[in-house]
Each structure stands twice: as C-alpha cells, then as structure tokens.
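Worksheet: the structure to be examined is printed underneath.
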Amino acid sequence: MGLKRTVEPSDMPVTLVEAKAQCRVQFADEDQLIEDLIAAATSMVEHYIGRSLTTQTWRLTLDKFTDRIVLPRGPVQSISAFTYLDAAGVSQTVPGTTYAFDGDADPQMVVRQPSASWPSVGNLINPVSITYVAGYSALERDIKQAILMLVANWFENRETLLTGTIVAQMPFGTMALLENHRSFA
C-alpha cells in the first residue's frame, strides 16, 4: 500500500493577514517567516488530524482489492480515477457499477457493490490505484483557530524552534481544538 500527494494545495487554510493579526504584527518585515509558520502549522495540523485541509490530490495504491477501501486524508471531494493493472500489466479502469463511494463513513471509503466482484489483477506491486481530490470546502473554525494559535506560539517563541527544546509537540489548547476532527484512517 502507498499513499502519495500528487497535486499540492494551491492555497493555505489561513491567510497572511489573519496570521499577522493573530501575531499582532503590522509591518511586512516578518511576512516570509509568518508564511513559513503557516505552512508548517498547516502540515502539523493535517498530520495530527489525518485530514486534508485545503484542496489537494492523493493517489492510493494497493496490492489487491478489498471489499472496503479506506481513503485516507479526506474529506474526499471526488474520485478522479480508479484503475488496476490486469494480468498482462495493462492499465484498466474499474467499472463504476462495481463500487460505491461511502462519503458518510469516517474515514470515507470505496465499497464493493454486493452484487459485483472485483476484476482480477496482475501479480504486480500495487496494481490497484485510486486517485482522489480531498480537502474541506469550508474549513471548520476551530481547525483554523488551531493553526493561528500554532503560528502565534511559534512566532512568539522562536528560540524553541531553533534550539530544539520544544516541550510538547503541540500546545494543549491547540490539541483540544483539533481532537473532534481527528481521523484514524
């Protein structure tokens, strides 16, 4: 099994203006640092909750079909491609009548239709591939606030970033805001 982001997000979940307001910065001198902190905080939050915050594309590869295929790093907006390599090693599209997308599950998944069977795959490494677009259409306020809190904390306490003496991976208040959004896919 493999999971790879194939299209990076084109934007961040919080803006530079929002982060500067949180840090109480009024001048442009610190803009690059704050943008870097936004990117780092976003990455940390995405990793902690196991979800994609803004629109991005992922490819999940599997050694075989299973009746329920969990799609990590949701929420899934759409499935772009669902393919497999047949016994001859030729890429084929999985028929849409074979599966259904369970968008209500957490984590979301692709489920084999009860009346269908999966196609035969070749004896290859990761012959099954699902490419999907994931990310929130509207970010939850507490996730956004958690990112802003991390940015402000790191902005104010820069020496912990430089010396490696960070006491906790994430401040408790930030974790509390994110706890209800965690996915364990």
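A short reminder: the numbers here are calculations on the coordinates, not readings from a lab. Since the structure is predicted, the reported quantities are computational estimates derived from the model, not experimental observations. In this analysis, Cβ positions are derived from the backbone assuming ideal geometry, glycine residues included, and neighbour counts consider all displayed protein chains.
Tally Lys and Arg at +1 and Asp and Glu at -1 over the other residues with C-beta under 13 Å from the C-beta of Arg158: what net charge comes out? Net charge in that neighbourhood comes out at -4. For segment 1-152, the spread of Cα coordinates along the three principal axes comes to 61, 29, 20 Å, biggest extent given first.
Each Lys and Arg contributes +1 and each Asp and Glu -1, all at the Cβ; summed about the Cα centre of segment 2-106, the dipole is approximately 320 debye.
Site pair Asp31 and Thr55 shows an inter-label distance of 2.5 nm when each label is modelled 7 Å from Cα along Cα→Cβ. Determine the calculated [θ] at 222 nm for the chain from helices alone, applying -39500 (n - 2.57) to every DSSP H run no shorter than 4 residues and normalising by the residue count; nearest 500 deg cm²/dmol. Using -39500 (n - 2.57) per qualifying helix, the result is -9000 deg cm²/dmol. Would you work out the relative contact order for the chain, in percent, from Cα pairs under 8 angstrom that are 6 or more residues apart? Taking the mean separation of contacting Cα pairs over the length of the chain, I get 30 percent. Karplus-derived 3J(HN,Hα) values for segment 62-71, using 6.51 cos²θ - 1.76 cosθ + 1.60 with θ = phi - 60°, are 9, 6, 7, 7, 10, 5, 10, 10, 6, 9 Hz; glycine and proline are entered as x.
The alpha carbons of segment 56-134 occupy a box of 34, 29, 16 Å along the principal axes, longest dimension given first. Taking amide H as placed 1.01 Å from N in the peptide plane, the amide H of Val94 sits under 5 Å from that of Phe82, Thr83, Tyr84, each at least 5 places away or on another chain. Dividing the mean sequence gap of close Cα pairs (under 8 Å, 6+ apart) by how many residues segment 56-134 holds gives a relative contact order of 51 percent. Here the Karplus relation 6.51 cos²θ - 1.76 cosθ + 1.60, evaluated at θ = phi - 60°, turns the backbone of segment 120-129 into coupling constants of 6, 10, x, 7, 10, 7, 6, x, 9, 9 Hz, with x for every Gly and Pro.
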